[in-house]
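Each remark here refers to the structure printed beneath this line.
The values are calculated or read from the model by the stated rules, or taken from the named source; none is laboratory data. These figures come from a predicted structure and were not determined experimentally. Cβ: placed from backbone, ideal geometry, glycine included. Neighbour counts: every protein chain shown. Keep in mind that these areas ignore ligands, DNA and RNA; they rest on the heavy atoms of the full protein, side chains included. Shrake-Rupley method; radii C 1.70, N 1.55, O 1.52, S 1.80 Å.
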Amino acid sequence: MAHLRHRKFNTKDTYPEQNIDNDLSQAVVAKGGTTIFLRGQCPQDLDTAENIQSSDPVEQTHKVMSNIRQLVEECGGEMGHVTKLVVYLTDVRHREAVYRTMGSYIKGVHPVCTGLVVVALARPEWLVEIDATAVIPD
């Protein structure tokens, strides 16, 4: 394949309670190694796919953004390379807390950002999911 698929997994392993069988990656480094596309990150451990034990939107956002930082760094980038974030919230009342927490990870970076309020995420205990794109300069 032309692109590096980072941290491959199958949904039948990460969502055993659901009848889904998709081959996905946590991140994709595009051909040439300069663009990193992350899948939506949720409040769960990257190695075990276990959820954090918190229903607090701030704590969930810290885990989500920590995952984004870890994946970008594992792919050879840094948070300063993040160019776009898409935030999915299940409750608009969490927006301020989520964005304030997210903002502490992107201070001085100035990525473009889109925010959506959705009916639900893949698991009912998740309050926030964020996907990211990063571009490593030549």
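Worth pointing out:
- Probe 1.4 Å - accessible area at Ile136, Å² to nearest ten: 30 Å²
- Sites Glu50 and Val92, calculated FRET efficiency, Cβ-Cβ separation with R0 35 Å, nearest 0.05: 0.80
- Counted residue by residue at 0.36 nm each, then reduced by the alpha carbon distance between them, the extension gain from Asp138 to Asn22 reaches 38.5 nm.
- Of the residues His62, His110, ranked by 1.4 Å probe accessible area with the largest first, the sequence reads His110, His62.
- For Leu4, the solvent-accessible surface computed with a 1.4 Å probe is close to 100 Å², ligands and nucleic acids excluded.
- Candidates per trypsin sites (Lys or Arg not before Pro) in region 52-138, loop by DSSP, up to 14 other Cβ within 10 Å: Lys107
- Total lysine pairs under 20 Å (Cα atoms) in the chain, excluding pairs fewer than 8 apart on one chain: 6
- Percent antiparallel among DSSP beta bridges (both partners in the chain, rounded to 5): 80 percent
- Per residue, the chain exposes 55 Å² of accessible surface when a 1.4 Å probe is rolled over the protein heavy atoms with every protein chain present.
- Model label zone, Tyr15; criterion: amide N under 13 Å from point 7 Å along Cα-to-beta-carbon; scope region 48-74: none
- Bins of 5 Å from zero: percent of alpha-carbon pairs in the chain: 2, 10, 20, 23, 20, 15, 7, 2, 0
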